[in-house]
Amino acid sequence: MVKQVAVAAAIITRTDGSFLLGQRAADTVYPGYWEFPGGKVEAGETPRQALVRELSEELGIVVDAAWPWLMREHHYEHAHVRLYFFEVPYLPDEWHGELQAHVHAAMAWQQPGRLEVGPMLPANGPILKALNLPRVMAVTHASEIGIDQQLAALDHALVQGVRCVQVREPDMQVAQRDAFAREVSQRCHAHGAMAFFNGDPVDAARLGMDGVHLPAAQLAGLTERPSLEWVGASCHTRAELEHAARLGLDYAVLGAVKPTASHPGQEAIGWQAFSDMTSDLSIPVMAIGGLAAADMVEARQAGAHGIACIRAAWKE
């Protein structure tokens, strides 16, 4: 019978987006491989309690903030591992102590998408991709405010650091929507940002977008993941989130967390329901609905990867 093991792992991040990795020592399983700090959840411990203990033992730090993020399962030859990933912000008031390599052969700060060490433990491939997903997704509404005003707002947002844009224009005529999507994609790529198309995967590929964002109704009809580099979906229930995870989507967007002008009359779910619905999910989830930059910390405390915004993203 295959051994069942629960592991808590930390994504310790700095303000520049870099994250900490440790190299496994020579006398361990997978010697020389790189991993996120953490370790086995002992009997009677919650994953968070195990994480705090392991970071103290491995790195010599005492952690106050550990935000739930993802749960992944991986089948190694020696064990079936259930990995609980937490985000630990690298901020002075969130943990204290001096980072030290008590059990790792080496430690290294790495940037998402630019890994300079290896090999990584096999379970970490999807984690590395998830870390490439920006924390803010700006959603267009050009059909409401006008194309020229939307493109001007896009230019400003890109200069200010927005690196992920979802083109969502269901009310536009197809030809106008396609031209607008191509223009958004071109401007995003000039700034190193990603552009996703809300709609059909075939259209997203035809327009040269970086990925597709599926409406919930379209997600419900899928039996396999579309073959694009990035695939996400809008979700409103735990069942929809689990379906997105089973298909191997790269992210989901869940809401509305707060009352929002784009869906007047829709009841907001609030942060507790968001946290409950996303608990132990294997893919990152963005929160949406009446949110702005000031909500980022609360969102991540609730387990969100980040936030998706319509009006707040464009500083209106």
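Nothing in this text is a laboratory measurement; each read-out follows from the coordinates by a stated rule. Not measured: the values here are computed from a predicted model. Methodologically, a virtual Cβ is constructed for each residue, glycine included, from the backbone with ideal geometry; neighbour enumeration extends over all protein chains shown.
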Checking the cross-link filter: which lysines have an alpha carbon closer than 23 Å to that of K315, excluding same-chain neighbours under 8 positions apart? K258
Counting all C-alpha pairs of the chain, share separated by more than 38 Å (%): 16 percent
If each residue of separation counts as 0.36 nm, what is the full-extension length gain between A217 and E144 once their alpha-carbon separation is subtracted? 24.0 nm
Between E229 and R114, how many nm apart are label points set 7 Å from Cα along the C-beta direction? 1.7 nm
Using a simple spin-label model with points 7 Å from Cα along the Cα→Cβ vector, what separation in nm is obtained for A101 and Q173? 6.3 nm
What is the antiparallel percent of DSSP beta bridges lying wholly in the chain, to the nearest 5? 40 percent
On Cα atoms only, tilt of 174-190 relative to the major axis of the chain in degrees: 40 degrees
Determine the relative contact order of the stretch 247-304: mean sequence separation of Cα pairs under 8 Å and six or more apart, normalised by residue count, in whole percent. 42 percent
Between the stretch 39-81 and the stretch 113-187, what's the alpha-carbon centroid distance in Å? 33 Å
Work out how much length A205 to D276 would gain on full extension: take 0.36 nm times their residue separation and subtract the Cα-Cα distance, in nm to one decimal. 22.1 nm
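What does the extension gain come out to for A6 and H236, with contour length at 0.36 nm per residue minus their alpha carbon separation?
79.9 nm
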Sketch the reach of a paramagnetic label on E298 as a point 7 Å from Cα along Cα-to-Cβ, and name the residues of the stretch 215-258 whose backbone nitrogen lies under 19 Å away. 254-258
Please enumerate, by chain and number, the lysines with C-alpha under 16 Å from the C-alpha of K3, excluding those fewer than 8 residues away in the same chain. K40
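Output the Kirkwood hydrodynamic radius of the stretch 83-241, Cα pairs only, in Å rounded to one decimal.
Details: mean 1/r = 0.0547 Å⁻¹.
The Cα-based Kirkwood calculation yields 18.3 Å.
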Under the definition of Cα pairs under 8 Å and six or more residues apart, what whole-number percent is the relative contact order of the chain? 15 percent
Run the simple label-point estimate for K129 and Q49 please: 7 Å along Cα→C-beta, distance reported in nm. 3.5 nm
